[in-house]
1. How high is the relative contact order of the stretch 121-260, given as a whole-number percent (alpha carbon pairs under 8 Å, six or more residues apart)?
2. Within the chain, count lysine pairs with alpha carbon atoms under 28 angstrom apart where the residues are 8 or more positions apart or belong to different chains.
3. When averaged across all projection directions, what area in nm² does the alpha-carbon convex hull of the stretch 213-284 cover?
4. Mind running the shape call on the stretch 17-82? Use the C-alpha gyration tensor, a ≥ b ≥ c as the square roots of the eigenvalues: rounded below 1.5 for a/c, prolate if a/b tops b/c, oblate otherwise.
5. From the C-alpha gyration tensor of the stretch 38-172, pull out the three semi-axes of the equivalent ellipsoid (sqrt of 5λ each), sorted largest to smallest, in whole Å.
6. With an 8 Å Cα cut-off and a minimum separation of 6 or more residues, compute the relative contact order for the stretch 183-266 in percent.
7. Rounded to a whole number, what is D in µm²/s for the chain from Stokes-Einstein with the Kirkwood radius over alpha-carbon pairs (25 °C, 0.890 mPa s)?
8. Which GluC sites (Glu not before Pro) in the stretch 1-104 sit in a loop by DSSP (not H, G, I, E or B) and have at most 15 other Cβ atoms within 10 Å of their own Cβ?
Amino acid sequence: MTRNRHLLGWLEAAPLAVILLGFLIAPIVMIVIVSFWGATEFSIYPDFQFENYAFLFSSPVTYKVFGATFKYAFITWAFTLSIGFTVAYFLAFHIRSQTVQIALFLVCTIPFWTSNIIRMISWIPFLGRNGIANQTLISWGVIDEPLEWLLYSDFSVILAFVHLYTLFMVVPIFNTMMRIDKSLLEAARDNGASGLQTLLHVILPLTKPGIMIGTIFVVTLVMGDFITVRFMSGSQRANVGRLISNDIGLLQYPSASATAVVLLCTVLIMIAILLRFVNIRKEL
């Protein structure tokens, strides 16, 4: 009987295991293999060499690009966390009606009803030299001439990132906050805790799993993004995703694979560090 249950368990897990093996593990293994291959201007040849990694780690461009990627990820994380925590806190603790909570939450998802590219490109006519933002500021007398740094700059890149990925921070934090027992907040108030003390010593510690899940989502998405940096910077900025994209465009697949492997290892290390601070399994 026990043997049959064990066999049944393996059979139930087999379809998911096959899917993960075919669509996750196998592509990653192939990327790792290709990263050791060689390439010329016209061809790729199977080989086992460390030339791609040697060139990657010896080039100052690599460290500059990785630095820019970390910068984008950190600043985007800071803004999305601030906005996401505030929105989730308002929905969870200031809106009493569940119907209103659901309605407001759906309002937050409205931008996701369209493509990421459309939402990103919609900022260009708004931030441009003759765009809505500059024309409004000039008409109000705030500035005398258009601001050049609103578009095709780090500012526009980060603004687009925050716009695209804030909801990935709102959802897990809101989900965690909704699980907090409201009697804990009442107990804190009864014991003389101020609103700030309740936030710092009760709500924030209990919201840590949601914050970590949101952080993982936002950081991994920003680290792997390349199209946002390309369009919103006017091809004047670069991150690791753009580096990989450029290599692929030049048919330098081994070099692109090596960069992808380094990026994957970097992201996995960051996730492993984040998981040391909280047990996400309880949240899942």
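1. Once divided by the residue count of the stretch 121-260, the mean separation gives 24 percent.
2. 4
3. Here the figure is 5.6 nm², rounded to one decimal.
4. Oblate is the answer for the stretch 17-82, as a/c is 1.5 or above yet b/c matches or exceeds a/b.
5. Values for the stretch 38-172, descending: 38, 25, 15 Å.
6. Relative contact order, the stretch 183-266: 15 percent.
7. 110 µm²/s
8. E41
Values in this text are rule-based calculations from the coordinates and carry no lab data. None of the values given here were measured: they were computed from a predicted structure. Note that we place each Cβ from the backbone using ideal geometry, even for glycine, and neighbour counts take in every protein chain shown.
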